[in-house]
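The values are calculated or read from the model by the stated rules, or taken from the named source; none is laboratory data. Worth saying up front: this structure is predicted, and the values here are computed from it rather than measured. Cβ: placed from backbone, ideal geometry, glycine included. Neighbour counts: every protein chain shown.
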Number of protein chains: 2
Amino acid sequence: VPTDATHAPGLKSWVQGANAPGCDFPIQNLPHGVFSPAGASPRGGIAIGDQVLDVAAAVAAGKLRGAAAEAAAAPSLNGLMAMGRGAALEIRAAVSALLAEGAEPLPHLLHPISAVTMHLPTTVRNFSDFMASRPHCYRLGVKRDANNPLPPAFHHLPVAYHSRASSVRVSGTPLRRPWGQYPKGDSVVFAPTEAMDFELELAVWIAGENELGSPTPISLADSRLFGFGLLNDWSVRDVQRYEMPPLGPFLGKSVMTAVSPWVITAAAMEPFMVAQPPREEGDPPCPAHLASTRPDALNLQMRAAILTPKLRQAGAAPHIVTDTPFAPMSWTPAQMVAHHTSNGCNLLPGDLLGSGTVSGPEDGQEACIAELLLRGPMQFPNGETRRFLEDGDEVVFTAQASAPGATTIGFGECRGEVIPAHASVT
Amino acid sequence: VPTDATHAPGLKSWVQGANAPGCDFPIQNLPHGVFSPAGASPRGGIAIGDQVLDVAAAVAAGKLRGAAAEAAAAPSLNGLMAMGRGAALEIRAAVSALLAEGAEPLPHLLHPISAVTMHLPTTVRNFSDFMASRPHCYRLGVKRDANNPLPPAFHHLPVAYHSRASSVRVSGTPLRRPWGQYPKGDSVVFAPTEAMDFELELAVWIAGENELGSPTPISLADSRLFGFGLLNDWSVRDVQRYEMPPLGPFLGKSVMTAVSPWVITAAAMEPFMVAQPPREEGDPPCPAHLASTRPDALNLQMRAAILTPKLRQAGAAPHIVTDTPFAPMSWTPAQMVAHHTSNGCNLLPGDLLGSGTVSGPEDGQEACIAELLLRGPMQFPNGETRRFLEDGDEVVFTAQASAPGATTIGFGECRGEVIPAHASVT
């Protein structure tokens, strides 16, 4: 695994919070985001410990130079992502040097993360959502066809659908319970949903651009991965089930999709890239145009937790309902890029891919409520139970990447609370 | 039907081409578009006869004034569409007066349409595609389930899916035959498609913006319709059929979607709005949140034609394969907006909706090849036959709106040629 001095486990920062054990944002991470200091306009930042480095201020002060740093200082990261992975590497080296223990402390370039407002990292022009977990497909497909629960194409390609870009929002945005049409009793009603669900997914942020008609081959697909994050593909199950045949999910998915604010760069993930798991026995060989020899899978442990209003009142922590590894997913982000562009479809800088629900085969690795409910209602430590989400419930995602000999890095949080439906729609 | 002096059938223009019988762009039409004169940069224009009025030049010359005119002069119409339908009405009145017979001729503000390059009218941030024709669903659904060919939700809502925004292109852009995965013989191949198809659809351009979480009720839905055009939802049938279950079409639809360059405003369409057809016997009542009392259907006749290389060499016209009315569609554009936003999903100015394939029940009203082939291979006047499209075939869409006592208006063309696949993808 190619790593450089910026990944060295001994490396520490003059920002003390970054050196705390268990911190998501040690100096080995350096994720990009867009933030506003209190009362000020949005600009690019880099998380370090419990602080954010104001990249715009660092550029203005002459501490960071060049086109890549200027793009990283902008109020959306599309420009930086347009410059490709190389630009992120260049900034990473410069910022690592700037923040390393021994360098001149520059506290005036920092803001406490707790005091800033985070924004969506890019203007998301396109959002495509994959379905790369075999256990997820299997658990939800068994109801459709017990003998053949996997989609026919699952073994040959990463199944995906176009989803809605306009409703992508940053972590923290409340989710208004939507109205929708679904069967209830003998009729089809239009009413607030009774099946509000989350899906724990990996966000993939796209670097560079391929012209329409020009596929990005698998050999170059990793160059299109700018970075990663957490994605909550909020799902309205009663609506979704009803509307899906035959064109797929529509209003069941476009209420909102939430992403974590910090873009964990592909460079930061280098120590945590592992070989794709072997294909399942009985599966056909991987098609040549999707076969990679690189370690394209991410060694990432992902968690979903729910904070009910009663848990919140009691001062309790969100209750973890899902704890699942990303690495066993059947298709890697690089394969998603190669498949997506194989027909010539163009991916734009700052476009968003979702991995699909990151469910593993074990109990506790179900990464959405629809799967969790197959074992009965969810049980909370205070005796509460849940089927789907109730108003006031807050969903919190976290993730950590670790590897022997490397400093563990975290993804921060993607969180959102369900708020009550409107009284009426018409 | 409310109309004003700009619709008067007796109204003529000092641009003589606009007064020719059968002209798509008489002074009663005045569609918006974005064009470049030879060697110059893109700017907004309005079609009149065989000419385009340079709106930017008209503003610079003081012949058009105000924020709406400035937005209509811009190199993309998103700003104009953000101002809502009212802005288009204001410009319509001013431009009608400017171009009317008797006004001072201003030939220096015109360019021949044949000498300019047309561009996409907006930066398309989101594209959603509906499936509102019952005959289309029926013909293609019979193969899936002869007893129940319509999707279960079809009777209750306008079925739709999110499609790809980045691959929307203006008429004239060649369509590179894509590679894709599909079953062939006993295996799944990755090869150039053998089932390249078109779908003749209505394009709907969105005005204004609703905040995420705030539906646009059916009573206001027509205010979100800025205008209309022709849309070719290029479809890769072998790929699409294989990939669809259960998440819907993906690479089968993202190769390209083509739109005609001229946006026919909702104002221009006022004389051609008619009552929605009565619901089919046996259908449930229209849900209250989708029920409208306005004349929301479009009295529009749409045609698809194919020009094969041999027909082109012979100097023949494109051969009409489809001639179909829009008005009988089961769901109107206003209902599409009300449904799309009913869960709170936000539609942005300049977003694009497709109506779905505009197929009627009669022979010759099948609006895609997959349907036409149910009657056997397509027959051409020169003896050629076709199953799906071959390299060099060009698909040409046209449409005209007419009504008693109104001047007929046309939509211009949406055309595109299939060019050969790349030799390889990896």
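Looking at segment B:168-177, which of its residues are of a type in the set (D, E, K, R) and outside any loop (DSSP other than H, G, I, E, B)? Selection gives B:Arg169, B:Arg176. Among the residues of segment B:391-408, which ones are in a strand (DSSP E or B) and not polar (S, T, N, Q)? If the condition is that a residue be in a strand (DSSP E or B) and not polar (S, T, N, Q), then B:Glu394, B:Val395, B:Val396, B:Phe397, B:Ala399, B:Ala401 are the ones that fit.
Any residue that is away from every other protein chain (no Cβ under 13 Å), touching a helix residue (DSSP H, G or I) at 6+ places or on another chain (Cβ under 8 Å) and either in a helix (DSSP H, G or I) or buried (at least 24 other Cβ atoms within 10 Å of the Cβ) (or both) - is there at least one of those in segment A:205-218? Scanning segment A:205-218 turns up at least one residue that is away from every other protein chain (no Cβ under 13 Å), touching a helix residue (DSSP H, G or I) at 6+ places or on another chain (Cβ under 8 Å) and either in a helix (DSSP H, G or I) or buried (at least 24 other Cβ atoms within 10 Å of the Cβ) (or both).
May I ask you to say which residue of A:Ala67, A:Ala58, A:Ala71 is surrounded by 19 or more Cβ atoms within 10 Å (Cβ to Cβ) and more than 26 Å from the chain's Cα centre (by Cα)? Testing whether each residue is surrounded by 19 or more Cβ atoms within 10 Å (Cβ to Cβ) and more than 26 Å from the chain's Cα centre (by Cα) leaves just A:Ala58. The lone criterion from (1) closer than 21 Å to B:Val396 by Cα; (2) away from chain A (no Cβ under 14 Å); (3) among the aliphatic types (A, V, I, L, M) left unmet by B:Met329 is number (1). For segment B:408-426, the tally of residues that are under 21 Å from the mean Cα position of the chain (by Cα), farther than 18 Å from B:Ala297 by Cα and of a type in the set (Val, Ile, Thr) stands at 1. Whether a residue is in contact (Cβ under 8 Å) with a residue 12 or more places away in the chain and either of a type in the set (Lys, Arg) or more than 17 Å from A:Gly410 (Cα to Cα) (or both) was assessed, and A:Gly62 does not pass this test. One residue stands out in segment A:65-91 among those that are closer than 19 Å to A:Gly412 by Cβ and not in a loop (DSSP other than H, G, I, E, B): the one that is modelled with the lowest pLDDT, namely A:Ala88.
Do you know which residues across segment A:16-44 are among the hydrophobic types (A, V, I, L, M, F, W, C) and in contact with a Phe, Trp or Tyr (Cβ under 9 Å, 6 or more places away or on another chain)?
Of everything in segment A:16-44, those that are among the hydrophobic types (A, V, I, L, M, F, W, C) and in contact with a Phe, Trp or Tyr (Cβ under 9 Å, 6 or more places away or on another chain) turn out to be A:Ala18, A:Phe25.
The residues listed here are A:Glu394, A:Glu390; of these, the one that is in contact (Cβ under 8 Å) with a residue 60 or more places away in the chain, surrounded by fewer than 21 Cβ atoms within 10 Å (Cβ to Cβ) and either in contact with an Asp or Glu (Cβ under 6 Å, 6 or more places away or on another chain) or within 14 Å of another protein chain (Cβ to nearest Cβ) (or both) is A:Glu394.
State which residue is farthest from the other protein chains (Cβ to nearest Cβ) when the search covers only segment B:409-426 and only residues that are outside any strand (DSSP E or B) and within 16 Å of B:Ala305 (Cβ to Cβ).
B:Phe411
On the stretch given as segment B:178-214, residues that are among the β-branched types (Val, Ile, Thr) and farther than 29 Å from B:Asp296 by Cα total 3.
Checked against (1) more than 14 Å from B:Val255 (Cα to Cα); (2) within 13 Å of another protein chain (Cβ to nearest Cβ), B:Gly172 passes all but condition (2). From the list A:Ser41, A:Ser76, the one residue that fits, being touching a residue at least 40 places away in the same chain (Cβ under 8 Å) and among the hydroxyl-bearing types (Ser, Thr, Tyr), is A:Ser76. Restricting attention to segment A:178-188, the residues that are in a loop (DSSP other than H, G, I, E, B) and within 7 Å of chain B (Cβ to nearest Cβ) add up to 1.
The residue that is surrounded by the most Cβ atoms within 10 Å (Cβ to Cβ), counting only those in segment B:38-55 that are under 24 Å from the mean Cα position of the chain (by Cα) and in a loop (DSSP other than H, G, I, E, B), is B:Gly49. The set of residues in segment B:178-213 being under 22 Å from the mean Cα position of the chain (by Cα) and of a type outside the set (Phe, Trp, Tyr) consists of B:Met196, B:Asp197, B:Glu199, B:Leu200, B:Glu201, B:Leu202, B:Ala203, B:Val204, B:Ile206, B:Ala207, B:Gly208, B:Glu209. Evaluating A:Gly405 against the criteria (1) at pLDDT 95 or above; (2) away from chain B (no Cβ under 14 Å) leaves one unmet condition, (1).
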